[in-house]
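Okay, so here's the structure we're looking at.
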Amino acid sequence: MSESQKISPAQVVERILDMMAAIPESAQGLPPEAKTAAFWQEALNRNERTRRVLAVLQELPAFTNLAPKPGDAAGWQKVLEKDFAGPSVARPKTATVILQHILNVGKERPPVKTGSYWRDRFGPDELIQRVRPVESDEYIPNPHRGTATFQRFQGDDTFAAWTTSDTHGPLSFAPDAPVRDNVKYIPRTTVAYCRWPWRWLEPTKGTFRWDLIEQALKTAHNRGQTLQVRFQPYTMRVSYATDPCPAKRHPPEVSVNMPDWYWDTGAAWTSQGVYATNEPDSNDPRYVKHFGDFIRAFARRFDGHADLESIDMAYAGFWGECGGNSTPATAKKLVDIYLKSFKKTQLLSMHGTAGCKYAARITKGTPKHVGWRHDCIGDLGKAYGYHVPPELSWNSTYDDIPPGIAKHGIQDAWQQAPVTMESCGNVATWFMEDYDLDTIVREGYRYHTSIFMPKNVFFPSAFLPKLIEFDKRIGYRFALRQLVMPLQSARGKKIKLAFFIDNVACAPIYRRYALALRFRQGERSKVVRLKADIRKWMPGHTCFEENIIVPRGLAKGEAKVDLVIVDKNDQPRVWFAIKDKTSDGWHPLTSMDVV
């Protein structure tokens with residue numbers, strides 16, 4: 001007989017009867033009818049639990065590959081003795097255990113206590129209760145995490161094709177439009193991402209288009225989002241032959257879309273540009289001064305804005321992405337301006353730049369936690385035309401992101417500040433290039449991604465389900481496995497709570513909201529904020545105990561107990577993976593008697 005082979009239910013009964021005959025001691029105390037096949041057929045089909053026991057017996061080694069021949073009493077004794085110290089104890093024990101387990105499992109369980117009062121389910125001598133909510137797999141509209149819209153807001157149309165523009169940040173807004181689901185994209189998102197070129201935001205020196213930022217923040221807020229922002233030094237090549245520059249002096253022929261007024265400051269350019277001839281010389285003191293002035297002005301206006309999610313520390317080069325022609329010394333000066341200007345809003349450094357390495361070093365061990373972003377997740381580069389096999393060509397997934405994390409000392413940055421990953425290309429181009437989505441998702445988790453920005457290009461249907469699941473598991477996602485608390489307490493008394501939290505996603509939350517319980521009696525309620533620092537709930541299990549005081553304003557009798565994570569105004573801000581919610585956004589958990 002193959003070790004994986006199962007025997008039939010009828011053969012199981014045959015083995016039981018043969019075992020009983022070989023080891024009579026095992027049947028002591030059983031009714032006479034236990035010697036019949038009908039008795040065991042009924043016992044093994046009494047309920048779902050006995051049927052599961054039957055399934056085990058169908059594969060039990062003693063009944064299958066180790067089973068002795070029928071009638072072989074010595075063989076049964078040998079099979080059931082050999083794992084124990086001696087036959088005097090072991091021979092009847094193993095056989096008896098098998099038979100008694102079948103009969104015990106078949107016994108009816110005592111009915112669950114019911115009654116007209118919630119406390120009736122527990123015995124009168126019980127002191128504590130264990131609360132174990134059922135985990136939900138639904139999308140949770142939690143802030144500061146998940147998939148972001150790009151140059152768009154929740155419910156706006158995606159780009160029509162797979163082409164996008166970093167240059168064309170939104171210039172018009174509809175903040176009061178009805179909120180709707182996204183189509184062919186993650187249906188709901190709580191983060192928007194927008195970026196504009198410096199030229200658009202400061203068209204003349206000291207004159208700023210703050211209306212663009214304010215409208216974007218308002219629109220994001222009304223759509224249930226916070227806004228990530230990048231202001232980019234320049235974003236496209238320009239030809240002064242076809243697009244005349246009004247500045248009195250400017251680079252010849254082809255340059256980039258810097259603010260026109262910038263050239264009249266006497267600023268230098270270099271003919272050794274990375275993406276275009278005659279790019280600005282980012283090491284010119286005039287560049288540091290004027291772009292630095294813009295950074296400072298933006299921070300004075302918007303630092304700490306409640307709807308501003310983060311600012312990219314884009315300091316030089318095309319899109320501000322790779323630092324352009326700036327030296328490490330210049331990078332240091334510009335990063336210092338960001339660090340000194342933004343005291344409240346989260347900053348993200350640009351992976352792969354000297355500024356990223358400097359920011360990681362200068363802020364290590366300080367309260368100024370800087371996150372990072374990379375603008376090319378998903379590059380599995382099949383670069384045809386190189387003199388190597390396409391599948392062995394350079395790509396960001398292997399040659400850039402992991403080495404850069406190590407080189408710049410940001411391996412552990414995710415523990416205290418967020419990671420944003422922008423798609424290389426977009427999901428539609430991933431599909432057309434036949435990229436391995438499972439590999440991309442796997443690496444996204446390993447980077448401890450909090451926000452994924454795939455440029456608002458539609459998701460082909462073949463990739464959408466996996467990316468919806470990816471969206472659920474990036475950032476944080478808290479499941480409450482268990483809360484242990486008293487069944488009753490007096491008002492004003494200290495009680496102990498024991499929490500078992502499971503962060504089933506890949507990063508913590510980085511905002512200091514508060515875990516809170518609410519004791520509710522009719523229209524009256526009392527909120528108790530806990531001291532636990534939710535920012536320390538890393539992926540995996542967190543268990544902690546905390547004492548609270550039962551609110552004195554409660555009346556005698558039942559108080560319903562709700563839970564959620566609240567903002568500074570005690571309003572629900574972060575939800576657990578629990579489906580049940582009250583109409584005002586709390587998770588109803590249990591009750592407690594106030595005595």
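Of all strands (runs of 3 or more DSSP E) completely enclosed by the stretch 166-281, which ones contain at least 3 residues that are surrounded by 16 or more Cβ atoms within 10 Å (Cβ to Cβ)? Lay out the reasoning, then the answer.
Values: elements: 191-197, 226-232, 237-239, 254-256.
Filter on the stretch 166-281 gives 191-197, 226-232.
What are the residues in the stretch 488-522 that are closer than 18 Å to residue 145 by Cα and either assigned by TED's automatic domain parsing to the domain that holds residue 345 or polar (S, T, N, Q) (or both), if any?
If the condition is that a residue be closer than 18 Å to residue 145 by Cα and either assigned by TED's automatic domain parsing to the domain that holds residue 345 or polar (S, T, N, Q) (or both), then 503 is the only one that fits.
Answer yes if at least one residue in the stretch 202-209 is under 20 Å from residue 347 (Cα atoms) and assigned by TED's automatic domain parsing to the domain that holds residue 313, and no otherwise.
Taking the stretch 202-209 and keeping what is under 20 Å from residue 347 (Cα atoms), we get none.
Within the stretch 202-209, not a single residue is under 20 Å from residue 347 (Cα atoms) and assigned by TED's automatic domain parsing to the domain that holds residue 313.
Take the conditions at pLDDT 90 or above and either assigned to a helix (DSSP H, G or I) or in contact with an Asp or Glu (Cβ under 6 Å, 6 or more places away or on another chain) (or both) and apply them to residue 46. Does it pass?
Working: at pLDDT 90 or above: yes; either assigned to a helix (DSSP H, G or I) or in contact with an Asp or Glu (Cβ under 6 Å, 6 or more places away or on another chain) (or both): no.
No; evaluated as a whole, the condition is false for this residue.
Of the conditions (1) among the acidic types (Asp, Glu); (2) out of contact with any Leu (no Cβ under 8 Å at 6 or more places or on another chain); (3) touching a residue at least 24 places away in the same chain (Cβ under 8 Å), residue 284 satisfies every one except a single condition; which number is it?
Of everything listed in (1) among the acidic types (Asp, Glu); (2) out of contact with any Leu (no Cβ under 8 Å at 6 or more places or on another chain); (3) touching a residue at least 24 places away in the same chain (Cβ under 8 Å), residue 284 misses just condition (3).
I'd like the residue in the stretch 404-433 that is aliphatic (A, V, I, L, M), within 24 Å of the chain's Cα centre (by Cα) and in a helix (DSSP H, G or I) and, out of all such residues, is nearest to residue 348 (Cα to Cα).
Step one: list which residues in the stretch 404-433 are aliphatic (A, V, I, L, M), which gives 405-406, 410, 413, 417, 419, 421, 427-428, 432.
If we keep only those that are within 24 Å of the chain's Cα centre (by Cα) too, we end up with 405-406, 410, 413, 417, 419, 421, 427-428.
Subset that is in a helix (DSSP H, G or I): 405-406, 413, 427-428.
Numbers: 405: 14, 406: 17, 413: 11, 427: 23, 428: 27 Å.
Per the stated criteria, the residue is 413.
Might you check whether a residue that is surrounded by 18 or more Cβ atoms within 10 Å (Cβ to Cβ), over 27 Å from residue 276 (Cα atoms) and either at pLDDT 95 or above or touching a helix residue (DSSP H, G or I) at 6+ places or on another chain (Cβ under 7 Å) (or both) occurs anywhere in the stretch 367-383?
First, the residues of the stretch 367-383 that are surrounded by 18 or more Cβ atoms within 10 Å (Cβ to Cβ): 370-381.
With over 27 Å from residue 276 (Cα atoms) added as a condition, the list becomes 370-371.
Among the residues that remain, those that are also either at pLDDT 95 or above or touching a helix residue (DSSP H, G or I) at 6+ places or on another chain (Cβ under 7 Å) (or both) are: 370-371.
Yes, because at least one residue in the stretch 367-383 is surrounded by 18 or more Cβ atoms within 10 Å (Cβ to Cβ), over 27 Å from residue 276 (Cα atoms) and either at pLDDT 95 or above or touching a helix residue (DSSP H, G or I) at 6+ places or on another chain (Cβ under 7 Å) (or both).
In the list 10, 22, which residue meets the criterion of being more than 48 Å from the chain's Cα centre (by Cα), within 25 Å of residue 73 (Cβ to Cβ) and at pLDDT 95 or above? Show your work before the answer.
On the way: 22 fails: at pLDDT 95 or above.
Answer to the selection: 10.
Can you find even one residue in the stretch 29-42 that is at pLDDT below 90 and part of a loop (DSSP other than H, G, I, E, B)?
Residues of the stretch 29-42 at pLDDT below 90: 29.
Narrowing the set further to residues that are part of a loop (DSSP other than H, G, I, E, B) leaves 29.
Scanning the stretch 29-42, I find at least one residue that is at pLDDT below 90 and part of a loop (DSSP other than H, G, I, E, B), so the answer is yes.
Any idea which of 490, 462 is within 30 Å of residue 378 (Cβ to Cβ), touching a residue at least 12 places away in the same chain (Cβ under 8 Å) and out of contact with any Asp or Glu (no Cβ under 8 Å at 6 or more places or on another chain)? Even if it seems obvious, please write down each step before you answer.
On the way: 490 fails: within 30 Å of residue 378 (Cβ to Cβ).
Every option except 462 fails the conditions.
Restrict the check to the stretch 542-555 and report whether at least one residue is assigned by TED's automatic domain parsing to the domain that holds residue 590, within 23 Å of the chain's Cα centre (by Cα), more than 19 Å from residue 144 (Cβ to Cβ) and touching a residue at least 24 places away in the same chain (Cβ under 8 Å).
Filtering the stretch 542-555 for residues assigned by TED's automatic domain parsing to the domain that holds residue 590 gives 542-555.
So of that shortlist, the ones also within 23 Å of the chain's Cα centre (by Cα) come out as 542-544.
Pick out the ones that are also more than 19 Å from residue 144 (Cβ to Cβ) and you get 543-544.
With the extra rule that they be touching a residue at least 24 places away in the same chain (Cβ under 8 Å), the set shrinks to 543-544.
Checked against the condition, which is being assigned by TED's automatic domain parsing to the domain that holds residue 590, within 23 Å of the chain's Cα centre (by Cα), more than 19 Å from residue 144 (Cβ to Cβ) and touching a residue at least 24 places away in the same chain (Cβ under 8 Å), the stretch 542-555 yields at least one hit.
Tally up the residues in the stretch 345-403 that are without any contact (Cβ under 8 Å) to a residue 12 or more places away in the chain and assigned to a helix (DSSP H, G or I), please.
7
Considering the stretch 282-319 alone, what residues qualify as being assigned to a loop (DSSP other than H, G, I, E, B) and either among the polar types (S, T, N, Q) or more than 35 Å from the chain's Cα centre (by Cα) (or both)?
282, 283, 284
If I go through the stretch 170-213 residue by residue, how many of them are of a type in the set (Lys, Arg), in contact (Cβ under 8 Å) with a residue 24 or more places away in the chain and within 22 Å of residue 300 (Cα to Cα)? Before the answer, list the steps.
At the first step, the residues of the stretch 170-213 found to be of a type in the set (Lys, Arg) are 180, 184, 188, 195, 199, 205, 209.
Subset that is in contact (Cβ under 8 Å) with a residue 24 or more places away in the chain: 180, 184, 188, 195, 199, 205.
Cutting the leftovers down to within 22 Å of residue 300 (Cα to Cα) gives us 195, 199, 205.
The number of residues fulfilling the criteria is 3.
Of the numbered conditions (1) at pLDDT below 90; (2) assigned by TED's automatic domain parsing to the domain that holds residue 55; (3) of a type in the set (Lys, Arg), residue 113 satisfies every one except a single condition; which is it?
Unmet for residue 113, out of (1) at pLDDT below 90; (2) assigned by TED's automatic domain parsing to the domain that holds residue 55; (3) of a type in the set (Lys, Arg): (2).
Of 110, 124, 133, which residue is surrounded by 16 or more Cβ atoms within 10 Å (Cβ to Cβ) and part of a loop (DSSP other than H, G, I, E, B)? Please lay out each step first, then the result.
Details: 110 fails: surrounded by 16 or more Cβ atoms within 10 Å (Cβ to Cβ); 124 fails: surrounded by 16 or more Cβ atoms within 10 Å (Cβ to Cβ).
After applying the criteria, what remains is 133.
Does at least one position in the stretch 515-537 carry a residue that is in contact (Cβ under 8 Å) with a residue 40 or more places away in the chain, at positive phi and surrounded by fewer than 17 Cβ atoms within 10 Å (Cβ to Cβ)?
No, the conditions are met nowhere in the stretch 515-537.
The values are calculated or read from the model by the stated rules, or taken from the named source; none is laboratory data. Owing to the predicted nature of the structure, the values given are computational and were not obtained by experimental measurement. Neighbour counts run over all protein chains shown; Cβ positions are idealised from the backbone, glycine included.
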